[in-house]
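Accompanying notes for the structure given below.
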Amino acid sequence: MREIGPHRPALNALRTAAGRIDTATPAERDRAVDALRAFAILGVVLGHWLVTALVADGGALHTASPLHHMPWLAPISWVFQTLAVFFLVGGHVATKGYASARARGVTYGKWLGSRLTRLFKPVAAVVTLWAVVACGLLVTGADDGTVRTLVKLALSPLWFLLVFAALTAATPLLTRLNPLWPLAVVLHVDLVRFGFGGPSRLGWVNLAAGWLVPYTLGAAWTRGELDGRRAGWVLLVGGAAATAGLVALAGYPASMVGVPGSAVSNLNPPTLAAVTFGLAQCGLALLLRERLRRAMRRPLTWAAVALVNLSAMTIFLWHQTALMATTATGLLAGRLPGLHTVPDDLTWVAFRLAWLPGFVLVLAVCWSAFRSYEQGPRRTRGRRSRVVRVHRRSGRTAARTTHGA
């Protein structure tokens, strides 16, 4: 008789749970949207873990980037800088959810309040914890620069939430806005900044205009204007060609994330190159929708995507904390390669890749401790899970997209 491996019951239980989630999901749900959101979340997390280094220098820590020492690694940022997909999906679901809310007689105030509550409730936990940590470090005599570095990294995801919240609040005004209008604003801002020597602070206009482009593309998706593959190809080819031209001919940085020491960052604030690159990403996302829908028919794959979506805010808010907690703990063993050393060669890259499972483990601990701020407390046996309830109600499904991004 064939002996059953010790892991077989666990695997069967996992398949059973995945099957239940798959069965609970309505047939009309567009699973590609959830898959794109999960991809965007994981891209940001892995990108930060790969290009952010905390270098130990005496008793202090300071940030560094392998992209500064090895600029030829810039293509890494093309893979993991996925914010445009965030805003594409966010704009699509926000406009779809607002239309659904209006059809059900839900007021704008109630709709917005529900979305912003789900967006910012998990923020309170991370802000409170880091306020306590910062005070504790300062009281115990930690280096001021180190404390500023840690707090800045921990709270850096909040800028995204503020911009996303502002665009969410403006959704009723953006449902019909053509993406070419904010794109034109970005073009003119960069022309004044870089072509005519205008003030650098003018670039912060692009913080709203730049992310309006993919957000309003999401609204166009809701209107059915991006259903055909032609739109995806136009965005992908046109955006990629424009980005290549801006980098090769106009002197924009090749990296799509900020690099310490660089005179210009494509991300803070967004430049025209970052926006055209985002257009290419959005085009690729639209082209992949059918393949993603087919892939999401597999119960295990869909269950994994559903889990990431349910935990999206927790993962997004705590991934930098996981990086820093691992780095700080590692200092007890000395100056470890890939964790505390200068990221100036491929040896550092190899060691950093080896540290990724450790970051995942610490993030899992953070998820276990703080997921209730996002998902709510565990429910007793016999009550429907939040996954089932959310999938069964279209209004709540729309609200979860803000929460997921």
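Of note:
- Student exercise, the chain dipole from Lys, Arg, Asp, Glu Cβ charges, in Debye to nearest 20: 2480
- Region 235-295 and region 19-93: distance between their alpha carbon centers, rounded to Å: 14
- Across region 186-265, the mean sequence separation of Cα contacts (distance under 8 Å, 6 or more residues apart), normalised by length, yields a relative contact order of 14 percent.
- With all projection directions averaged, the alpha carbon convex hull of region 32-83 covers 4.2 nm².
- Residues with amide H under 5 Å from that of Leu61, placed H, sequence gap 5 or more: Thr146
- Rounded if a/c under 1.5, otherwise prolate or oblate - region 283-323, Cα gyration tensor axes: oblate
- Under 13 Å from the Cα of Lys96 - aspartates and glutamates, other chains or at least 8 residues apart: Asp30
- Radius of gyration, Dmax [the chain; alpha carbons; angstrom]: 22.0, 80
- Gyration tensor (alpha-carbon) shape descriptor, region 302-348, a/c threshold 1.5: prolate
- For region 1-117, a/c is not less than 1.5, where a ≥ b ≥ c are the root eigenvalues of the C-alpha gyration tensor, and a/b does not top b/c. That puts it in the oblate class.
- Percent RCO, i.e. relative contact order, over region 1-76, from Cα pairs under 8 Å lying at least 6 residues apart: 14
- Kirkwood hydrodynamic radius of region 48-139, from inverse mean 1/r over distinct Cα pairs, in Å: 17.6
- Proximal lysines to Lys152, defined as alpha-carbon separation beneath 27 angstrom and excluding residues fewer than eight positions away on the same chain: Lys121
Just so you know, all these numbers are worked out from the coordinates, no wet-lab data involved. Only a predicted model underlies this, so the values are computations on that prediction, with no experimental measurement involved. Quick reminder, even Gly has a Cβ in these numbers, built from the backbone with ideal geometry, and neighbours come from all protein chains shown.
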